[in-house]
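Below you'll find the structure, written out as structure tokens, and then a few comments.
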Amino acid sequence: MPATPPASLSKAQARRIALAAQGFLDPSHARPTMRTFMRTLERTGVLQVDSVNVLQRAHYMPLYSRMGPYDVDLVRRASETRPRRMVEYWAHVQAFMPVELWPVMRHRMARYRDGKHKWWGSVVTDELTDNLLAEITDRGAATARDLDDGLPRSKDHWGWNWSTTRRALDYMFMVGDVAIAGRNSQFEIRYDLPERVIPREYLEAPTPTEAEAHRELVLRAARSHGVATARDLADYYRMRLQPKAGLHAAQDAIDVLVDEGELVPVRVEGLKRQAYLHRDARLPRRVAARSLLSPFDPVVWERERTEALFDFFYRIEIYTPVEKRIHGYYVLPFLLGDRIVARVDLKADRRTGLLLAKAAYAEPGAPDDTAPELAEELARLAGWLGLHTVVVEPRGDLAPALSALVHAGVG
């Protein structure tokens, strides 16, 4: 940024700042390494975890969008082997976060402990959690299925069929009594004692005050956003969902960071609320990105911000009945340059080796090279996923041109 930050930013400038902060200016590597991985994690701050696997699990995709094709074993190594670099916690929602944030989250853990009966009900008893803790201590990392005592399962919660054991483990995870050591091949969580998961330097680190914790989370959010409103900054680490650490606490931290010179108040075209620019944010002349973005990518997960900066109205339709879906089941925005120019409904058919583009739509004003660029990106994505063929189904205004290019071998 220039020595004197601008008092206002155009929408295009704010987009470029946001994309630069998210790592879309970082140089690509033919073979991304752990160093590349950690640089990318530093940019995103968190990697949201979701169980949907119609294309690729959510936490893998933002890394691909920024690094290109990479060995997904980097994720396992970073989260399950020493030195453990990241760990799952309720950081945005369920998400991987840098492991050094463990002490910062202790106040959040304490609030969940205070709200035990509100969230988990009377079925999560001290006797049950004590017994589970003793079992995990003896046997090591284990899934809820491993530990389940066979109690009747309930189908009241979105069909998840959580047993009482599973609910107790969820509570113990949220309050920090157990940590996630990894997941098995069925994506089931393996719980273990925090001292067997969290490196000692972070496990034994002093607990910051709540004000210090809020400042750290808002500062990290500001680095990842580049420029953002108070609501955006609070949402990044879901401070607004915490009863005692919502927008007010975020605004208090913002005020401190403004006084310290870390944040600079600015006005942004298209944003109705006051925005804040991180002092180290980069304002590039151009962004030459070409990436498919997961529905859980930080660039698009706050839908109001996405619409304001990119003129892109986006809603995930996974939970929408089929007959009411507009664009499809698992729709990924297509980022080209500094604009979102299209959206495509994707499915990886691993049995047949096909990457299915079930629908493809261009955004208003999409450039002429949208279809060929998307065709190349689909070919690259298919290769990363181990699929041998891209198939474009005839749905959406972009589908005919995209299908022709795919058949012609573009990409």
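The values are calculated or read from the model by the stated rules, or taken from the named source; none is laboratory data. These numbers come from a predicted model, not from an experiment. Don't worry about glycine lacking a Cβ; one is built from the backbone with ideal geometry, like all the others, and counts go over all protein chains shown. Note: areas computed on protein heavy atoms with side chains; ligands, DNA, RNA excluded. Shrake-Rupley method; radii C 1.70, N 1.55, O 1.52, S 1.80 Å.
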Cα lying deepest toward the dipole's positive end in segment 245-381, options Leu354, Leu309, Thr370, charges on Cβ
Leu354
Highest-fluctuation residue, Leu133, Leu378, Leu346 considered, GNM on the chain with Cα pairs under 10 Å:
Leu133
Separation between Cα centres of segment 299-319 and segment 180-198, rounded to whole Å
32 Å
Can you give the net charge of the other residues whose Cβ lies under 10 Å from the Cβ of Pro284, counting K and R as +1 and D and E as -1?
+3
Rounded to the nearest 20 debye, what is the charge dipole size of the chain about its Cα centre when +1 sits on each Lys and Arg Cβ and -1 on each Asp and Glu Cβ?
560 debye
Please name which of Trp90, Val72, Gly121 has its Cα lying farthest along the dipole of the chain towards the positive end, using unit charges on Cβ (Lys, Arg +1; Asp, Glu -1) and the Cα centre as origin.
Val72
Which helices, counted as full DSSP H runs in the chain, have an axial Cα extent of no less than 18 Å and a Kyte-Doolittle average of 0.0 or above?
247-260, 370-385
Rounded if a/c is under 1.5, else prolate if a/b is larger than b/c, else oblate: which is segment 243-318, with a ≥ b ≥ c the root eigenvalues of its Cα gyration tensor?
oblate
Share of carbon and sulfur in the accessible heavy-atom surface of segment 164-228 [1.4 Å probe, %]:
44 percent
In terms of the Cα gyration tensor, with a ≥ b ≥ c the square roots of its eigenvalues, is the chain rounded because a/c is under 1.5, prolate because a/b exceeds b/c, or oblate?
oblate
With Cβ to Cβ distances under 15 Å as the rule, what net charge do the other residues near Gly270 carry (K, R +1; D, E -1)?
+3
Give the total of Lys-Lys pairs in the chain with Cα-Cα distances below 30 Å; include a pair only if its members are 8 or more places apart or on different chains.
11
Which percentage, to the nearest 5, of the DSSP beta bridges contained in the chain is antiparallel?
85 percent
State the antiparallel share, in %, of DSSP beta bridges confined to segment 332-395, rounding to the nearest 5.
75 percent
Please give me the summed charge of the neighbours of Asp235: other residues whose Cβ is under 10 Å from its Cβ, Lys and Arg +1, Asp and Glu -1.
+1
Taking amide hydrogens as modeled 1.01 Å from N in the peptide plane, which residues meet the under 5 Å criterion relative to Val392, leaving out close sequence neighbours?
Ala357
Using unit Cβ charges (K, R positive; D, E negative) and no other charged atoms, how large, in debye to the nearest 20, is the dipole of segment 46-108 about its Cα centre?
180 debye
Lys/Arg +1, Asp/Glu -1 at C-beta; segment 8-120 dipole; positive extreme among Met109, Leu63, Ser51
Met109
With +1 on the Cβ of every Lys and Arg and -1 on the Cβ of every Asp and Glu, and nothing else charged, how large is the dipole of segment 66-141 about its Cα centre, in debye rounded to the nearest 20?
420 debye
Over the chain, what is the relative contact order in percent, taking alpha-carbon pairs closer than 8 angstrom and at least six residues apart?
17 percent
